[in-house]
1. Please compute, over every Cα-Cα pair in region 315-465, the percentage with a separation greater than 27 angstrom.
2. Stick to the Cα atoms of the chain, pair each with every other, and give me the Kirkwood hydrodynamic radius in Å at one decimal.
3. Enter the angle in degrees (range 0 to 90, nearest 10) between the Cα long axis of helix 548-557 and the first principal axis of the Cα atoms of the chain, meaning the one along which they spread out most.
4. Given a cut-off of under 8 Å on Cα pairs at least six residues apart, what relative contact order in percent is computed for region 231-325?
5. On a 1.4 Å probe surface of the protein chains, which of 391, 220 comes out largest in accessible area, and what is the full order?
6. What is the Cα radius of gyration of region 458-572 over 2.2 N^0.38 Å, N being its residue count?
7. Given 501/554; 318/555; 508/555; 246/288; 465/555; 195/246, which pairs have Cα atoms separated by over 18 Å?
8. Thinking of region 353-403 as a set of Cα atoms, what percent of all their pairs are more than 16 Å apart?
Amino acid sequence: MNNKALGQLSGLAGSLVAESLITAEQAAEAQRQASIERMHFVQYLVEKDNVDGRRLAELTSQEFGLPLFDIATLNTGAIPVSLVDIGLIKKHRALPLLHHGDRLFVAVSDPTNLAALEEIKFHTGINTDAVLVEETALGMALATLAESQDALSNGLTDLDASYLDDIDIVSSEETPDDDGGESIDETPIVRFVNKVLIDAIKQGASDIHFEPYEHSYRVRFRTDGILEEMVKPPRNLAPRLAARLKVMSQMDISERRLPQDGRIQMKLSRNRAIDFRVNTLPTLYGEKIVLRILDPGSAKMGIDALGYEPYQKDMYLKVLNQPQGMVLVTGPTGSGKTVSLYTGLNILNTPERNISTAEDPVEINLDGVNQVHVNAKVGLNFAEALRSFLRQDPDVIMVGEIRDLETAEIAIKAAQTGHLVLSTLHTNSASETITRLLNMGVPAFNVASSVNLIIAQRLARRLCKVCSVPANDIPHATLLEEGFTEDMLVDATIMSPVGCKQCNAGYKGRVGIYEAVKITPSIAKLIMEEGNSMQISAQARAEGFHDLRIAALKKVAQGMTSLEEANRITVD
């Protein structure tokens, strides 16, 4: 090629020819073919002509006086990809690296690609500066970004994509979801989050965990009480996922230093809606967000579905029909206390009764029940709400949790003056609930005279009916050592988990394990004498009230759960 033809080459091509990296003929052919194949000139040279990408980048850096940046050293989690539409990034092979003040630094392998910088500046409204990177490294970074978009599009399961578009999500104030800006309401992020929520509901999960770490990000479901990792989105999407969830739950997107609480309502159909209680927690590597799934249908499934033994069910129903007294449900977080209380409220919810509840927060909405969300920031705590209830002609009062002496005293006063009071405590057994109230400072006489029934409970994973098999390999002596009695083993059907496509490691669903203790005259006498929890527990067993261990073993003998599961949730 003559000097005239060489002079017709573009600036970068001419420089490369002058430096003998490629010939003039190669340069001209590369320009022509790159135009035909709609590729960038540098990309074509590296991919088609096998030009050394590193050497090409070094010469380009010298020619244009730009520093050469090693994109492999960049923390991908800090890349502000949400500022630039993914279509522009792919079109121009230009990757935003850093947004600082009024400047956006964009990685390119060809600094003559001025159209990319101008179009990105136009769409973002931010001045752009080119940062030179090696073409091969840029291609790898763009491929990683494309994979992250594919991961969001693919989601967790093979749900019909059109189904996700029809999901109606509103905030706790039941206002239409506002995306809060184009950078948050990007279709892949929106569809991925919707897909996670739908999959969690379909799987029967109780909680969803969005968790950022230094080099990874994971989404876990708690199903049947056990956490399981479901998907690992790219780490650099953590801020966008957090922003989307915070917008949906009406939180402050700009606040990342303090925990926040919110609520999401997902309308699956005209007659069914699922609520999500949302909490954010600032961690070392970003905001962890946990969603508690609240299905109003769980409060209406009926007492028969909860797993009470017949005598326990009869005691609960009998106490609910009494005009006054107190029912306490106790157990650790996630033991099903809320469902037990709401099931009782649903039974009591008739036009003849005035029912008021104080909750933190209100988890399930019940028509016909006056529910109050306590707010300590404005002075509305449990005690203050109870005082107001007593001035509103109540029949039934539900207190979300008795946490202090003031709340306990008002609740007991209400139970002694013609009201039925339902509440919870965080204790491990029925006997420990009594000693907890005494330790708070409640007089023994008030406890003995006001508390009618205490229910301590746990939730055990229910064996899959499809794949569970008889556990014939457990020796009879071992079963007796575990706590079974000979009477319990007469007609026992002890089963073991296997695992199949219909279940999760051999289990599907959960069943309640209950210790229901009625305050009988003998137990009331022990309370008055300030007996300890072991004495009260022994008296309860003597009167025929099963403790949690025996209750769990009964479910094992009935083939509902496994011995391993009973050992996991109870202590002999």
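1. Summing the P(r) of region 315-465 above 27 Å gives 16 percent of all pairs.
2. Answer for the chain: a Kirkwood hydrodynamic radius of 28.3 Å.
3. Taking Cα atoms only, the helix is inclined about 80 degrees.
4. 17
5. I get 391, 220, largest accessible area first.
6. With N residues counted in region 458-572, Rg over 2.2 N^0.38 Å equals 1.23.
7. 501/554; 318/555
8. Everything past 16 Å amounts to 33 percent.
The values are calculated or read from the model by the stated rules, or taken from the named source; none is laboratory data. All figures in this text were calculated on a predicted structure; none of them were measured in a lab. A quick note on method: Cβ atoms are made from the backbone with ideal geometry, for glycine too, and the neighbour counts reach across all protein chains shown. All accessible areas refer to the heavy atoms of the entire protein, side chains included, with ligands and DNA or RNA removed. Shrake-Rupley method; radii C 1.70, N 1.55, O 1.52, S 1.80 Å.
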